[in-house]
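A.B. asks: Sharing a structure below in structure tokens format, with a few things to ask.
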Amino acid sequence: MGNVSPLRRFADGLANVLTGRGTTVDRSVYNFWQRRFTTPDQIEAAYLGSWLHRKIVDIPAQDMCRAGRNWDAEDDQIAAIEKEEKRLGYWAKLYEALTLGRLGGGAILIGLGDDPSQPLPSTIRPQQIQYLTVLSRWQLSIGECEMDPALPTFGQPKYFGLSGSARDIRIHPSRVACFKGLPIPAIRMATWEERFWGMSVVEAVDEAVQHATTACAGFASLIDEAKIDVFRFSGTVDQLSQPGGEAKLMKRVELTNTGKSVHRAVILDKEDEWEQRQLTLAGVRDVIITYDARVAGAADIPATRLFSKAPDGMNATGEGDLANYFQSIGAKQDMQLRPAMEQLDAVMLPSAGVKPDLPWTFSTLMVLTEQQAAEIELKEAQALEKIVGLALVPETALAKTVQNRLIESGRWPGLKKLIEEAEAAGEELPGGEADLDIVPIPNGEEVIPSSAGAGGVNGSALSRRAANGAEWKRIRDAAEASGAGELFDELFGAPPKGE
């Protein structure tokens, strides 16, 4: 074979022969990662047996669904959609499917009463949806993966199967809205089914939850050891060796403890000894808080939300943590919840008798206090005053916008109905043409005298609509050409500042 050099094993990483770091002397070189568990039984046991696991799964799902959504639609359309959502139990089933998704995978089956193996029909009749059924990933089997990158269903199952049914039922993917767990990259060790459904949140946070639970349980067991009485009786071994000796010894200890109190003495033989040992539990709170913080970090939920506790630290309010958390929830809504909702809406909206392409947004998750809401309205009113002064928006349009803003805030009860009654009675919006004194000019132009405003050009509707002076000059030139220049100057005075 000749002189063949022996094979050497190379590994990436820092090594130091002098200190032993990175060599066989260093214990850390034997560290390796492994998945803790993947079985449905373990995931179910963790969810049912650990309140912390349950909250980690439930809280984000609740927050993603609790505020609902805002439609950009007419009132009758919104009423029809909400009626259909109530009939189908839409939001409750969304929450249930999201929970199953965080546990490892869930889905909502759209039932129309026809052949489920066929794609959804292109047109949906009102109330054609018969049911929305929530299923877990373990109730569904998935077919082979679509590998044609030219198709919109690339990377998706070609069909679903219903496990445990008496007959073989195939379901078209268009009828199944999937809710997945944490994404698993397409690496060698993952199966096709694992990559599609993802990983359970329980599996990802289990180590941190177990450490925190073990720490709390360990410290709880120390409470029984916080105070221990130590008795040293003479002849204890001889007494235990005699018939009935153990009962006599325990009776003696019981009588000694019964007589012991703040006001009484401990009675012992001269040769006996009594000692009381106390365990110091200083620092226990800091250790528990540290473990709780690790759980909150693993779950991506602030400790104030996860443990329903006050924020730690001086002058801490927790508002920054909650703001970051709600931003995270908003991102999850757009990336995880919206695709499934749009798949359901494509069928549910026509079933409600509404066109399927109505735009909508998720409602705000942050709940404002009365003081915060009042401060926002004050700032909006101040900004509105400046916008009106700059004449950037027509007054009637701006008035309608403000009315909608007040109605949507929910802080002005009955405002919408009262506005509709006022409009039905023929009342005009403030700043409308009915409130302005229109003065005709011979060539057909119309101008608004200063009497419509609050004195002078700067307070008139004319100056508000022509703040830059260009419109003012155009109307002034038209008045001059028609021989009404002097009348115009008498009514409106000098041009706006800067002209």
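A.B. asks: Go through the stretch 370-407 and count every residue that is surrounded by 11 or more Cβ atoms within 10 Å (Cβ to Cβ) and of a type in the set (Asp, Glu).
C.D. replies: 4
A.B. asks: Quick one: Thr99 ticks every box in (1) among the hydroxyl-bearing types (Ser, Thr, Tyr); (2) in contact with a Phe, Trp or Tyr (Cβ under 9 Å, 6 or more places away or on another chain); (3) farther than 18 Å from Leu135 by Cβ except a single one, so which number is it?
C.D. replies: Condition not satisfied by Thr99: (3).
A.B. asks: While we're on this one: Can you find a residue that is out of contact with any helix residue (DSSP H, G or I) (no Cβ under 7 Å at 6 or more places or on another chain), assigned by TED's automatic domain parsing to the domain that holds Ser351, small (Gly, Ala, Ser) and surrounded by 14 or more Cβ atoms within 10 Å (Cβ to Cβ) anywhere in the stretch 63-73?
C.D. replies: The answer is yes; a qualifying residue exists.
A.B. asks: Give the residues of the stretch 172-186 that are touching a residue at least 12 places away in the same chain (Cβ under 8 Å) and farther than 24 Å from Ala61 by Cβ, sorted by residue number.
C.D. replies: Listed by number, the residues that qualify are His172, Ser174.
A.B. asks: Sticking with this one: Determine, yes or no, whether Glu408 is within 27 Å of Gln327 (Cβ to Cβ), in a helix (DSSP H, G or I), modelled with pLDDT under 80 and not assigned by TED's automatic domain parsing to the domain that holds Gln77. Don't jump to the end; show me each part of the working.
C.D. replies: Values: within 27 Å of Gln327 (Cβ to Cβ): yes; in a helix (DSSP H, G or I): yes; modelled with pLDDT under 80: yes; not assigned by TED's automatic domain parsing to the domain that holds Gln77: yes.
Judged against the criteria, Glu408 is a match.
A.B. asks: Across the stretch 152-211, which residue is nearest to the chain's Cα centre (by Cα) among those that are in a loop (DSSP other than H, G, I, E, B) and of a type in the set (D, E, K, R)?
C.D. replies: Lys180
A.B. asks: Separate question: Among the residues of the stretch 357-369, is any under 21 Å from Asp76 (Cα atoms), in the same structural domain as Gln327 (by TED's automatic domain parsing), free of Cβ contacts under 8 Å to residues at least 12 places away in the same chain and not small (Gly, Ala, Ser)?
C.D. replies: yes
A.B. asks: Please work out which residue is nearest to Ser328 (Cα to Cα), limiting yourself to the stretch 43-77 and to residues that are aliphatic (A, V, I, L, M) and not in a helix (DSSP H, G or I). So that I can check it myself, show each step before the final result.
C.D. replies: Going through the stretch 43-77, the residues aliphatic (A, V, I, L, M) turn out to be 43, 45-46, 48, 52, 56-57, 59, 61, 64, 67, 73.
With the extra rule that they be not in a helix (DSSP H, G or I), the set shrinks to 67, 73.
Working: Ala67: 15, Ala73: 27 Å.
Restricting to residues being aliphatic (A, V, I, L, M) and not in a helix (DSSP H, G or I), the top hit is Ala67.
The values are calculated or read from the model by the stated rules, or taken from the named source; none is laboratory data. Fair warning: this is a prediction, and the values are worked out from it, not measured in the lab. Because the Cβ atoms are built from the backbone with ideal geometry, glycine has one as well, and the counts that use them run over all protein chains shown.
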